[in-house]
1. Starting from residues that are hydrophobic (A, V, I, L, M, F, W, C) and buried (at least 21 other Cβ atoms within 10 Å of the Cβ), keep the ones in the stretch 162-176 and report whichever is farthest from Ile309 (Cα to Cα).
2. Can you tell me which residue among Pro179, Pro200 is in contact (Cβ under 8 Å) with a residue 60 or more places away in the chain and surrounded by fewer than 16 Cβ atoms within 10 Å (Cβ to Cβ)?
3. Please work out if Gln221 is surrounded by fewer than 24 Cβ atoms within 10 Å (Cβ to Cβ) and in contact with a Pro (Cβ under 9 Å, 6 or more places away or on another chain).
4. If Arg230 meets every condition in (1) open to solvent by less than 20 Å² (accessible area, probe 1.4 Å); (2) within 12 Å of ligand 1 (Cβ to nearest atom) apart from one, which number is that one?
5. Pairs only if they're at least six apart or on different chains, beta carbon under 9 angstrom, first in the stretch 29-43 and modelled with pLDDT of 95 or more and open to solvent by 50 Å² or more (accessible area, probe 1.4 Å), second assigned to a strand (DSSP E or B) and of a type outside the set (A, V, I, L, M); list them, first residue then second.
6. Suppose we filter the stretch 184-221 for residues that are polar (S, T, N, Q) and more than 20 Å from the chain's Cα centre (by Cα); how many remain?
7. List the residue pairs whose Cβ atoms are under 6 Å apart, where the first residue sits in the stretch 100-117 and is charged (D, E, K, R), the second is open to solvent by 10 Å² or more (accessible area, probe 1.4 Å), and the two are 6 or more positions apart or on different chains.
8. Of all residues in the stretch 90-135, how many are open to solvent by less than 50 Å² (accessible area, probe 1.4 Å) and within 30 Å of Ile296 (Cβ to Cβ)?
Amino acid sequence: MSSILLAIMGWDPKGWEQRFRALAPQHDIRVWPDAVGDPAGIRYACVWKPPAGLLAGFPNLKAVFSLGAGADDLMADPKLPDVPVVRIVDPDLTMRMTEYVVLHVLMCHRRQRMYDSQQRERVWHEHSQPVAGEVVVGVMGLGVLGASAAQMLQRIGFKVAGWSRRLKTLPGIETFHGPQGLEAFLHQSEILVCLLPATPATRGIINFDHLRKLKKHGALQGAYLINAGRGSLQVDADILAALEEGALAGAILDVFPTEPLPVESPLWGHPKVTITPHNAAQAVPQTLAMSVLQQIDRIELGHPPENTIDRTTGY
Ligand code: NDP
Ligand code: OXD
């Protein structure tokens, strides 16, 4: 029997606790902050946005599990214990993100927001419809989530380009990598989908200078941004300026530098902005608790966990 700590902020921890207890009756499940017990007994910490420094109080941890795909909050903790940090890689989470990306790419491609506003005015007017194969969707970040979304977009007919840190080969997708490949990638992207992790190297990468490089005279006659990676990637004021200038025809934002997005943010009321509350790919205990417990089993059997964060790159 191992003691597993759940320390969850920002999400309701009850569903996670119930799921862990149901799936792993052999383990001692402790819940922060009220039922932690002896900190020295805790072997595994399963966390979402725990307060900085919390994990340093557990001297016998074998691993820390992020209950989401991104572990940037954990990596920002200067007192993070020197044990493997494992993130979620799970088909359910991946499919949820793919759904989000496909939904919003199609909303732009099929001009659905324009038809919504026409409906409010009772206007019956058809706009021309470019074929998907003439529209280039550029996916920034070709990891688990980006590659899945890129491949699905390609399957439904879009021309897809992708950008990553290292060289990647994906059938049917034109790939670019590194700072040297960024400009060419942006120049051909009409819909920019951002699925990068938050690291020092990606901070502020969605800025005015880069948004202006998007292809705005392509098949869609306007460039669009979809950011479902992390808020630290984007500069909100630059997105607003790009919308103002016409470099962007629309922005779909699921993540923000400050979450929840402050009520006074001008993004809320902007007619060309679509906002979702960081739910592009919801992490749900029904499927993800099992994936964490399988990793704990691996460690208990003496195998290294999979999907660990590389502390040199931060993702
Ligand atoms: P991965 O680690 O699998 O992929 C990250 C990708 O980003 C890789 O292709 C990597 O390149 C690329 N990358 C990282 N740094 C750079 C850089 N400096 N320049 C160029 N490319 C870079 O992550 P996932 O696909 O699983 O998840 C991506 C992010 O999505 C998460 O980190 C999280 O922030 C976000 N997310 C958001 C959710 C939401 O609901 N909004 C839900 C889940 C995740 P390379 O392949 O060369 O390593
Ligand atoms: C995640 C998230 O990283 O939900 O999984 O943001």
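1. Among those that are hydrophobic (A, V, I, L, M, F, W, C) and buried (at least 21 other Cβ atoms within 10 Å of the Cβ), it is Phe176.
2. The unique qualifying residue is Pro200.
3. Judged against the criteria, Gln221 is a match.
4. It is condition (1) that Arg230 fails.
5. Listed by first residue and then by second, the contacts come to Gly37/Ser3; Gly37/Asp28; Gly37/Arg30; Asp38/Ser3; Arg43/Ser3.
6. 2
7. Final answer for the pair search is Arg111/His127.
8. 7
The values are calculated or read from the model by the stated rules, or taken from the named source; none is laboratory data. These figures come from a predicted structure and were not determined experimentally. With ideal geometry, Cβ positions are generated from the backbone for all residues, glycine too; neighbour counts draw on all protein chains shown. For accessibility, only protein heavy atoms count, side chains too; no ligands or nucleic acids. Shrake-Rupley method; radii C 1.70, N 1.55, O 1.52, S 1.80 Å.
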